[in-house]
Each structure stands twice: as C-alpha cells, then as structure tokens.
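What follows is a set of notes on a single structure, which appears directly below.
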Amino acid sequence: MGFEIKRFQGDVDEELICPICSGVLEDPLQAPACEHAFCRVCITEWISRQPTCPVDRQAVTACQLRPVPRILRNLLSRLCTSCDNSPHGCNAVLKLDSLASHLVECEFNPKRPMPCEAGCGLVIPKDELAEHNCVRELRALITSQQGKLTDYQQELAEQRLVINEHKRELALLKEFMRAMRVSNPTMRALADQMERDEVVRWAGSLARARVTRWGGMISTPDDVLQVMMIKRSLSESGCPPHIIDDLMENCHERRWPPGLSSLETRQNNRRLYEKYVCKRVPGKQAVLVLQCDNTHVDEHMMVEPGLVMIFAHGIE
Amino acid sequence: MANIAAKRIKREFKEVMKSEEVAGGAIKLELVNDSWTELQGEIAGPSDTPYEGGTFVLEIKVPETYPFNPPKIRFVTKIWHPNVSSVTGAICLDILKDQWAAALTLRTVLLSLQALLSAAEPNDPQDAVVAKQYKENPQLFHMTARHWTNVYAGGPASIVEFNQKVQRLLDMGVDEHDARVALSTYDWELERATEQLFS
C-alpha cells in the first residue's frame, strides 16, 4: 500500500499515484500491455479478486506484472517525504529511496528496541519501557524457560531409553559378529574394523595429558595395587574391553618395546618422549600412549594397542 | 474502517468537491457520518431526458474492502427508470457489480449514474414493469418518468392528467405513493389500477 500523499513536500505528479490506494506508489509493478502502474500490494490484492487491469479492465494475471521503468523508479526515489515517525517527533525529511534505511535507525521510532537500564538486561520496544517491570518480565521468562526445560528433560529421558535400546541391540550384533568372524573372512575384517573404530572413538573422548617429569616414571609397577587401580579407571572411562587386558600387560617394562625396555635404552631415547601423544588416565598419575594416536612414532618406541606409563608425580 | 478505504474515500471526496461537475451543479456529495463509511450523493437529471430539472439523491455505502469491492449505491429519491427498482431504488449497472474496477472513483460512478439516466438499458432491467413500458409504450414511459421527477425530484413538469388520477385514488383512501405506483404500472388506466389496489 502506497505512501500517504500528505507526507510529501510539494505536489506529487498524478503519474506517481497508485489508482487503487491513491497513495504514492510503493514498490510499484505495471500491467504488461497498458503499462498502468500500481503498488505491489494493491495490484496483487486486486488481481487475486479479478484478473484485470483496474484502470482499463484488460486481462492481466499476477505473473504478467512487470517492474516499472527506471525513469518512474527514479522519479519516485527523488520525492522528499517526512519520516514515518514524524507524529512521534522526528523532523527528518528524506528522499524516498533512503526512507527505509532511516527507519531502521530512527530514534523516534516508538518500537525501537532499547535495553532496560534497571538491570534485567532485556531489550524491549521503547514505548513499552515505561510500563516495563523487570521482575514481572524475568518471571515470565523463567516460567517459559522452565516449561522448555521440562519438555527437554522429558525428551532426554525418552532419548535415553532409545539409546539404551540401541546399545542392547548393538551388543547383540557384536556378539553375533564375533561368533561369525571365525568362519567368515569378510566378517573378520568387519569386526576388526569395528574394534579399531571403537578404540579411536574412545581415544578421542579422553583428555590430553602432559608429562612434566619423565623421570618420575614407574617402569615396574606393583600388579595388585597400582595396575588394578588403573584398570578400574580405564574401564570406567569406556575403554573397549578387547584391549583392556593388553593395555594392563603393557604397564610393565617387560612388555615395553625395544626402545623402552631397559633403563639404558630409555635414557638413550629420552628425547623421543616429547613426540608421544599422551592421554590422561582419569584421576590417576598415569598416561595412555595409544598406538592409534601415535602412528608418527618410531616402531621401536611403540607396541599394539598402546602403552600405559605410571608415574610417581608430574602429570597435568 | 480499513485504512486504505478511508484514505481513498477522503481523497475522492476532495476530488468530487474540486470537480467542475460540482461547480456546474451536476453532482453533489456529502458526508453522512464521520467514519467515511456512508455518504450521500446527488445527481441532476440530464437535459433532454424526462429527468431534466430533477435532483436525485443517492445513498452510498462504502464497504470495508473498498476499493477492491464497489460501493453500494441506491436511489433514495423515487425514480421511474428501467434500470432502477421503483420499489427499493436498487440500481442495475455493470460497474457497480462485476465490471467494477479499483481505479473507478465516486466521481466517475456518479457521472456513470447520470449517464445511465440519459441512456437506459431496457434489455438488462432492474425493474421489469418499467422496462416493459419503456419498450412497448415509450411515449407513456416518458410522461410517467417526467411525472415522477416532478413529484419526487422537484422537476418542473407537472402533468395535470396524472395528478388528477392520483387524486381520484387518494379520495378513495389509497396511499399516495401506492396510487402512483399502481397507475404507473397499469399505464395510467384508472380502472385496472383500482382493481389491483382493491383486489
């Protein structure tokens, strides 16, 4: 719908008036043959009722409407108009083509979003600022958030149920694959791949660790006391069951690779320690050096599926 | 009232007021209420027609959906015309119905109605009785229309014979307008009109 003609300075040429709304053309379109121009909103509304030109009744459909010629658009954009917010005190006089950008930032816009300065931090339309009550608004916000929270919790519970269901199915499938892998080489490859993926996923879930004192390494830990504690922690962190026993074995220098197997070789290779990507064993002064994280390390410094190094102190 | 309708009517009202037709006394327009939904129009009977010298008042109701729908207009002044109901004043004119176009204005509509008084469309009648007379007895139609213009619209031509016949029926206790309608309908044959009135 067009602009109120009274808003414009001076006379507006009859050619720039929409014959439907009798305002100054806004976003105009023209009929194809007779070239009569109308506001987009006005002509669309009219054609939805009757597919004719409102001036001369020639047949016109909505898709035949065309943008008006540049000269008409230019004439329109040069008209000088007052701001939409002039009743609210804005005295700006603007070219029609800069009206839209002015309206975005016009300070007199009663609906201009303003931050509440009383402390609630909400952004509210300027004209509602006087009526604004922080407590009431925040309370309403809390109510709505609580409603959402309840919904999410319910959804979460439902999803958990579904996930558990999936886990059970997955466990069954894995069992099935293990049973099959013996007889079927394809199945074996698949199962191996799955196990590798499982390790990678688990490795990705663990936090990185930094060893500040490599000298604090305990190369011959006590099986019962130290190793069992580590095992429990690994198991709780989601360590895939098929590697946990190997990892536990790899806590001791007797199973370590040639580059680490004795105090002498360890001292020779000490500079290589910094290359290790270490993962934290949750809650313990110990690190995991998994093979899948350390493919860049020399063979004589690594074993399958990885190393566990227990320290006296110095793990961050 | 929808913004667009009010805006249009205000502008059209001014357009009519400034027009040369108003200056020449051919048409007139007045507001009935402040909401711009109802107006009263007046058109002068065109010269060389039986309506010459008469002033015809129109009731104009502007719908909420104006100008996407036409204004609702009817004659308040009683008129004898094939395209206007002699009973209700309803008008049969294509631009007030399916031929309405949004660019038409109150001024153009009033002028179209004036033109309708000059050029009746008896083949698309609103009042079948009047249309029949118009086609079968144009002379009598002309006189009847002039008589109605004189009585209801302030026209100059008083037709003595018709007035006497109406008076005869009045003397019998018949309502004046009923008497005139009956006489007009039965081609001013007193006997048939009386028969119809008392049957």
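Using the eigenvalues of the Cα gyration tensor, what equivalent ellipsoid semi-axes result for segment A:207-311 when each is taken as the square root of five times the eigenvalue, whole Å, largest first? Show your work: numbers first, answer last.
Details: eigenvalues 78, 43, 36 Å².
Result for segment A:207-311: semi-axes of 20, 15, 13 Å.
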Along the charge dipole of chain A, Cβ charges K/R +1 and D/E -1, which of A:Ala33, A:Val60, A:Cys83 sits furthest on the positive end? A:Cys83
Two-site label geometry, A:Met194 and B:Glu64: point separation in nm, points 7 Å out along Cα→Cβ: 6.6
Rel. contact order, % - alpha carbon contacts under 8 angstrom, at least six apart, segment B:4-118: 22
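Calculate the dipole size of segment B:28-187 relative to its Cα centre from +1 charges on Lys and Arg beta carbons and -1 charges on Asp and Glu beta carbons; express the result in debye to the nearest 20. All intermediate terms of the calculation are to be shown ahead of the outcome.
On the way: 13 positive and 20 negative charges, 24 e Å.
Value, rounded to 20: 120 debye.
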With only Lys, Arg, Asp and Glu charged, each at its Cβ (+1 for the first two, -1 for the last two), find how big the charge dipole of segment A:207-311 is about the Cα centre; round to the nearest 20 debye. 520
As I understand it, the dipole of the protein assembly as shown uses +1 on the Cβ of Lys and Arg and -1 on the Cβ of Asp and Glu, about the Cα centre. Which of B:Gly25, A:Leu138, A:Ile124 lies farthest toward its positive end? A:Leu138
Percent relative contact order of segment B:113-199, based on C-alpha pairs within less than 8 angstrom and at least six residues apart? 17
Rounded Å value of the spacing that divides the Cα centres of segment A:20-53 and segment A:246-316: 79
Specify the inter-centroid distance of segment B:134-155 and segment A:79-124, based on alpha-carbon positions, in whole Å. 63
Radius ratio Rg over Rh of chain A, counting only Cα atoms, Kirkwood formula for Rh: 1.34
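Which helices, counted as full DSSP H runs in chain B, have an axial Cα extent of no less than 27 Å and a Kyte-Doolittle average of -1.0 or above?
none
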For the charge dipole of chain A, defined by +1 on Lys and Arg C-beta atoms and -1 on Asp and Glu C-beta atoms about the Cα centroid, which residue among A:Val297, A:Ser22, A:Trp202 has the Cα displaced farthest towards the positive pole? A:Val297
Any idea what the dipole of chain A comes to, in debye rounded to 20, about its Cα centre with Lys/Arg Cβ at +1 and Asp/Glu Cβ at -1? 840
Rounded Å value of the spacing that divides the Cα centres of segment B:66-88 and segment A:180-230: 95
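Tell me the relative contact order for segment A:208-264 as a rounded percent, counting alpha carbon contacts under 8 Å between residues six or more apart.
Normalised by residue count, the contact order of segment A:208-264 is 31 percent.
Readers should treat all values here as calculations from the given coordinates under stated rules, not as data from a laboratory. Not measured: the values here are computed from a predicted model. Neighbour counts run over all protein chains shown; Cβ positions are idealised from the backbone, glycine included.
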